[in-house]
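Reviewing the structure listed below.
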Amino acid sequence: MAANRLGEFLRAHRQAAQPPDDQRLQTRRRTPGLRREEVASLAAISIDYYTRLEQGRERHPSAQVLDALAAALQLSTTETSYLNGLVTPAPTPRTKRRAADEVPNEFLLLVMGSWALGPAYIVNHRSDVLARNQLAQAMFERFAISDNILRMLFLDPAAQKTWANWEAFARFFVGTVRRTIGPVIDDDPATTALISEVSAKSHAFAELWDSYEMGVHHHKEKRFRDEDLGEIRLDFELLTTIDTPNQFVVLHRTPGGTRWHRTAD
């Protein structure tokens with residue numbers, strides 16, 4: 001039986017949705033979010049049809065139904081696009097995607113190599129680290145896991161001690177990874193294996209991943225604790241290319257764009 005990604009997504013967002021004010025006042029709620037019948041009513045579909053969608057017994061709703069569900073569940077533009085992709089995924093050439101996963105794009109390497117304001121590294125869509133500059137290498141040396149940022153963040157004991165804003169950044173990062181991976185995950189064995197591994201070993205990750213939250217509004221900032229320098233604040237941004245949209249160069253700088261003078265020992 002294929003994974004019920006559509007049903008998981010609908011259930012997670014139904015439980016996270018806010019009931020209308022009048023319904024919140026009229027009824028005492030034992031569980032958060034909307035009930036199935038409330039979503040069905042808001043989307044103008046039958047409760048039986050909506051239940052079949054959540055349970056995976058119906059997997060091909062029309063575009064009109066998807067639009068109505070997006071409105072009923074108060075989905076963001078990103079989440080609505082993800083919902084549509086669960087039903088009608090865009091074709092992805094597997095061989096090209098695998099090659100783009102592993103070999104760093106030469107222009108991203110040039111950007112990374114010329115970046116002098118702070119750490120810079122290149123990752124693919126599942127956060128495997130493909131290349132790093134010297135400042136990034138110095139930053140990663142404090143971690144036992146440095147080949148994959150997702151595994152580092154949730155499986156390395158040093159992560160929560162080093163990240164001063166670990167909870168906020170972890171929530172932001174999981175939403176970003178899910179959005180970057182996209183709805184088609186079952187055709188990518190390496191990504192599926194990564195998510196299964198981290199879910200099994202980290203309850204915190206499993207909860208965040210199962211929430212299907214992608215519209216996380218958060219200032220792109222990392223705050224690290226350093227024994228010598230105290231708390232280090234770094235702004236960061238991700239850049240990509242047309243040819244390798246599954247790769248990103250992650251650039252860091254201190255607030256205000258000043259140079260970070262931390263060097264490798």
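The values are calculated or read from the model by the stated rules, or taken from the named source; none is laboratory data. What you are looking at is a predicted structure, and each value in this text was computed from that prediction instead of being measured. Here Cβ is always computed from backbone atoms with ideal geometry, including for glycine, and neighbour counts include all displayed protein chains. Just so you know, the surface numbers come from the protein's heavy atoms only, side chains and all, with ligands and any DNA or RNA stripped out. Shrake-Rupley method; radii C 1.70, N 1.55, O 1.52, S 1.80 Å.
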Over region 42-79, the set of residues assigned to a helix (DSSP H, G or I), open to solvent by 30 Å² or more (accessible area, probe 1.4 Å) and among the polar types (S, T, N, Q) is Gln55, Gln64, Thr77, Thr78
All-but-one check, Asp235 against (1) at pLDDT 90 or above; (2) closer than 24 Å to Glu79 by Cβ; (3) in contact with a Pro (Cβ under 7 Å, 6 or more places away or on another chain), failing number (2)
All-but-one check, Asp147 against (1) under 15 Å from the mean Cα position of the chain (by Cα); (2) open to solvent by 30 Å² or more (accessible area, probe 1.4 Å), failing number (1)
Within region 135-144, residues open to solvent by less than 30 Å² (accessible area, probe 1.4 Å) and assigned to a loop (DSSP other than H, G, I, E, B) come out as Phe143
Of the residues in region 113-129 that are more than 20 Å from the chain's Cα centre (by Cα) and more than 11 Å from His252 (Cα to Cα), the one that is least open to solvent (accessible area, probe 1.4 Å) is Gly113
- [ ] Check region 160-168 and report whether any residue there is β-branched (Val, Ile, Thr) and modelled with pLDDT under 90.
- [x] no
Note to self: Checking the structure you have, find out if any residue of region 113-134 is among the acidic types (Asp, Glu) and closer than 18 Å to Leu239 by Cα.
What the structure shows: yes
Note: among Arg132, Arg98, just one is at pLDDT 95 or above and either open to solvent by 40 Å² or more (accessible area, probe 1.4 Å) or among the aliphatic types (A, V, I, L, M) (or both), namely Arg132
